[in-house]
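Take a look at the structure below.
The values are calculated or read from the model by the stated rules, or taken from the named source; none is laboratory data. The structure presented is a predicted model; accordingly, all values stated were derived computationally and were not measured. Backbone-built Cβ (ideal geometry, glycine too); neighbour counts: all protein chains shown. In case anyone asks, the SASA skips ligands and DNA or RNA and just uses the protein heavy atoms, side chains included. Shrake-Rupley method; radii C 1.70, N 1.55, O 1.52, S 1.80 Å.
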Amino acid sequence: MSSRNDQLFERAQKRIPGGVNSPVRAFRAVGGSPRFFVRGAGPRVWDADEKEYVDYVCSWGPLLHGHAHPDVIAAVKAAADRGLSFGAPTELETELAELICQLVPSIEQVRLTSSGTEATMSAIRLARGFTGRTAIVKFEGCYHGHGDALLVKAGSGALTFGQPDSGGVPAELAAQTLVLEYNNIAQLDALFAQQGDTIAAVIVEPVAGNMNMVLPRPAFLSHLRQLTQAHGALLIFDEVMTGFRVALGGAQSLYGIRPDLTTLGKVIGGGMPLAAFGGRRDVMQHLAPVGPVYQAGTLSGNPVAVTAGLSTLRLAMASGLYERLGDMTRAVTEGIAEAGRQRGFALSTCALGGMFGLYFRETLPSNLSEVMTADKERFKRFFHGMLEAGIYLAPSAFEAGFVSSVHGPAELDRTLSAAETVFSQIS
Ligand code: HOZ
């Protein structure tokens, strides 16, 4: 008899394309049926067959404090009791805006949206409106949501499914997006020397998290900052994934760079649909209703989502939280890598705060071509072994992993003992 997960997936596929509401959930890169989850508590989730997993996806990043954190849930329930949406300003939005500006000082003003895609799309429009230029620069394997201008050589699901350039995006539009190799300073110099004064903005994931996880080389981000400044182009840090995840001040605080604009999402909503873009006041003042660049949303700044975000960020401000999170993330990833090496597997890992990369290759990659050389077949077998053992990893070799602040020694032990067993089975 097929499992309840399989039955639910079969039923879903009849009415939902591919049975999922976002392609990365479909397990197509690893095979098999996606797990349908029924509940989560802290670092654990349970599927429709009542199987328990240690969760290293954390809803693809938002759940910095794990599932159903009691403080977040209590605040959300109280907010819901007061009303789900007003389509009018609330004091909560200003509270969140003030907190964001305090935690990420490059953000002097901020606009809330409902998804990371909206945030990046809007930041691009704003950069074009502010500079009066059209061209945008992005990097291969970076993913900035599914807006037309940004689905060019994109990472995440687009990469997983071998469609880094999406159907339905007009070629004329895609041509305005110039794509360079991540971490390649020589390419940046050449492009800016040739047409620096036509570039509205460079958008970059300061730590790339949508082609697995790729760290920036030390000079890459600072060079990017100098070049954009010298040519009057804006620098947009897409911190939808890294914001409040790798550090309280985001990747920009770790690398000491002040971008002109920053996009945020995921952790900022603590599991509710909430995102934001913000930055220099003079740039943000170009947004409607004060400026000519239009951007809007019925549910933008939704009070329930904002409440979830506020309580998540307040919990994140506890002293030492990111140090403990970083220690746990490194213990998990280095433990897994060590277990694999004992069995003769070539593995490399990296971790920052609660975000990690894991590669079936000897050394860490620094760009997409190197990411592509990792052994995807081995990843697949490892993924399924771990799933069977009750460890839920992202179902793609091209996604980063996430650890929450409530993953503890019990999860670490269970994960490492599962990894030892799985490596022994697949070696
Ligand atoms: N951006 C997320 C991880 N790469 C996945 C969100 C989605 O596409 O569903």
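Taking only protein heavy atoms and a 1.4 Å probe, what accessible area per residue, in Å², does the range 328-427 have with all protein chains in place? Present the calculation step by step, with values, prior to reporting the outcome.
Values: 3750 Å² over 100 residues.
I get 37 Å² per residue for this part.
Suppose each label sits 7 Å from its Cα in the direction of the beta carbon; what would the R11-A80 distance come out to in nanometres?
Spacing of the two 7 Å Cα→Cβ label points: 2.1 nm.
Before rounding to the nearest 500, sum -39500 (n - 2.57) across all DSSP H runs of length at least 4 in the chain and divide by the residue total; then give [θ] at 222 nm in deg cm²/dmol.
Working: 15 runs with 168 residues, N = 427.
Theoretical 222 nm ellipticity from helices: -12000 deg cm²/dmol.
With contacts defined as alpha carbon pairs under 8 Å and 6 or more residues apart, what's the relative contact order of the range 33-115 in percent?
Details: 56 pairs, mean separation 13.6, N = 83.
Computed value for the range 33-115: 16 percent relative contact order.
Please report the antiparallel percentage of the DSSP beta bridges confined to the range 211-291, to the nearest 5.
On the way: 4 of 10 bridges.
Close to 40 percent.
Positive end of the dipole of the range 117-191, charges at C-beta (+1 Lys, Arg; -1 Asp, Glu), about the Cα centre: which of G167, A149, I124 has its Cα farthest in that direction?
I124
Can you tell me the accessible area per residue over the range 165-270, all protein chains present, probe 1.4 angstrom, in square angstrom?
Heavy-atom SASA per residue in the range 165-270 reads 32 Å².
Mind ordering 402-409, 349-356 by average Cβ neighbours within 10 Å, highest first?
Working: 402-409: 21.1, 349-356: 23.8.
Ranked from most to least packed, the peptides come out as 349-356, 402-409.
Would you mind calculating the gained length between R39 and E334 on full extension (0.36 nm times residue separation, minus the Cα-Cα distance), in nm to one decimal? Let's see the in-between values first.
Values: separation 295, 0.36 × 295 = 106.20 nm, distance 2.87 nm.
Roughly 103.3 nm would be gained on extension.
Would you work out the charge dipole size for the range 1-150 about its Cα centre, treating the Cβ of every Lys and Arg as +1 and the Cβ of every Asp and Glu as -1, and quote it to the nearest 20 debye?
The dipole magnitude comes to about 600 debye.
Charges only on Cβ, +1 for Lys and Arg, -1 for Asp and Glu: so what's the dipole of the range 312-363 about the Cα centre, in debye to the nearest 20?
Working: 6 positive and 5 negative charges, 22 e Å.
Computed charge dipole of the range 312-363: roughly 100 debye.
Applying a 10 Å radius around every beta-carbon, put 389-401, 335-347 in order of their mean neighbour count, most first. Walk me through the numbers before you get to the answer.
Values: 389-401: 23.3, 335-347: 17.4.
Order by mean packing, descending: 389-401, 335-347.
For the charge dipole of the chain, defined by +1 on Lys and Arg C-beta atoms and -1 on Asp and Glu C-beta atoms about the Cα centroid, which residue among I236, T373, F192 has the Cα displaced farthest towards the positive pole?
The residue sitting most towards the positive pole is T373.
In the chain, which helices (entire DSSP H runs) extend 20 Å or more along their own long axis, judged by Cα positions, while averaging at least 0.5 on the Kyte-Doolittle scale? Spell out each step's value before the answer.
Working: long enough: 116-131 (22 Å, 0.14); 218-231 (21 Å, -0.23); 321-342 (31 Å, -0.51); 409-426 (25 Å, 0.08).
Long hydrophobic helices here: none detected.
Taking the range 19-75 on its own, what percent of its Cα-Cα pair distances exceed 20 Å? All intermediate terms of the calculation are to be shown ahead of the outcome.
Details: 468 of 1596 pairs.
That tail contains 29 percent of the Cα-Cα pairs.
Quick one: check the C-alpha center-to-center distance for the range 27-106 versus the range 390-426, whole angstrom.
If we compute the Cα centre of each part, the gap is 20 Å.
Relative contact order of the chain, please, whole-number percent, based on alpha carbon pairs below 8 angstrom and at least 6 residues apart. Provide the component values of the computation, followed by the final result.
Values: 866 pairs, mean separation 93.3, N = 427.
With pairs under 8 Å counted, the relative contact order is 22 percent.
To make sure I understand the rule: partners must be aspartates and glutamates, Cα under 17 Å from the Cα of K266, and not fewer than 8 residues away in the same chain. Which ones qualify?
By straight Cα distance, K266 reaches D55, E93, E118, E205, D238, E239, E399.
Take peptides 165-176, 295-306 and line them up by average Cβ neighbours within 10 Å, highest first, as a rough protection proxy. Let's see the in-between values first.
Working: 165-176: 11.4, 295-306: 19.8.
Ranked by mean Cβ neighbours within 10 Å, highest first: 295-306, 165-176.
To the nearest 20 debye, what is the magnitude of the charge dipole of the chain about its Cα centre, counting +1 on the Cβ of each Lys and Arg and -1 on the Cβ of each Asp and Glu?
440
Please compute the contact order of the range 1-160 in relative form: average sequence separation of alpha-carbon pairs under 8 Å and at least six residues apart, divided by the residue count, as a percent. Working shown, then result.
Working: 137 pairs, mean separation 20.5, N = 160.
About 13 percent, as a whole number.
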